[in-house]
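The values are calculated or read from the model by the stated rules, or taken from the named source; none is laboratory data. Note that the structure is a prediction, hence the values are computed from the model and not measured. Note that we place each Cβ from the backbone using ideal geometry, even for glycine, and neighbour counts take in every protein chain shown.
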Amino acid sequence: MKISEAAAASGCHLETIRYYERVGLIPSPNRTGSGYRAYTLADVERLRFVSRGRELGFSLEEIRSLLRLNDDPKLSCSDVDALARVHLADIHQRIEALTRMAGELERVIAQCAGGERGTCTILGALRHTGHDVTSCADPGCRP
């Protein structure tokens, strides 16, 4: 099948497929006599695997490792489990960081009374990273 058909079947954009080929996540397909890429069902399945991995937040290197594990029937599922557990711990850390960021932004927004730019608590918080806006001594900060 042509790249457009592989894209439709896998849900990947054409340029994404070409990129995955360049970085070695999928093998370079055979070419037709006229030079078009000729994808197989196995290529489409691999594209789906990579896409699903990306949807789950795995990095390209993690997906590369998962593909190696998937391709080698001698390897244990415990290797896959270990990689997935590390990834899940990373996701939980990112969620905690995002929650902290959201809380800080909500706090700063709640203190914003509008008005003039010089007294903007949001801009003050950005200028004074790491400092509590409510205790800022800068005249530009508004408690």
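Within 26 Å of the chain's Cα centre (by Cα) and of a type in the set (D, E, K, R) - does that describe any residue in the stretch 111-123? No: the stretch 111-123 contains no residue that is within 26 Å of the chain's Cα centre (by Cα) and of a type in the set (D, E, K, R). Per the listing Glu96, Glu62, the residue uniquely part of a helix (DSSP H, G or I) and closer than 30 Å to Thr121 by Cα is Glu96. Look at the stretch 90-109: where a residue is closer than 15 Å to Phe58 by Cα and a partner is modelled with pLDDT under 95, sitting 6+ places away or on another chain with Cβ atoms under 7 Å, you get Ile91/Gly57. Taking every residue in the stretch 12-34 that is over 18 Å from Ile63 (Cα atoms) and pairing it with any residue that is surrounded by 11 or more Cβ atoms within 10 Å (Cβ to Cβ) and among the acidic types (Asp, Glu), at least 6 positions away or on another chain, the pairs with Cβ-Cβ distances below 9 Å are Pro29/Glu21; Pro29/Asp43. Annotation note: of Gly53, Gly11, Gly114, Gly35, the sole residue that is surrounded by 12 or more Cβ atoms within 10 Å (Cβ to Cβ) and at positive phi is Gly11. Filtered by the rule that a residue be out of contact with any Leu (no Cβ under 9 Å at 6 or more places or on another chain) and of a type outside the set (A, V, I, L, M, F, W, C), the stretch 24-39 gives Gly24, Pro27, Ser28, Pro29, Asn30, Arg31, Thr32, Gly33, Ser34, Gly35, Tyr36, Arg37. Within the stretch 74-93, the set of residues being of a type in the set (A, V, I, L, M, F, W, C) and not in a helix (DSSP H, G or I) comprises Leu75 only.
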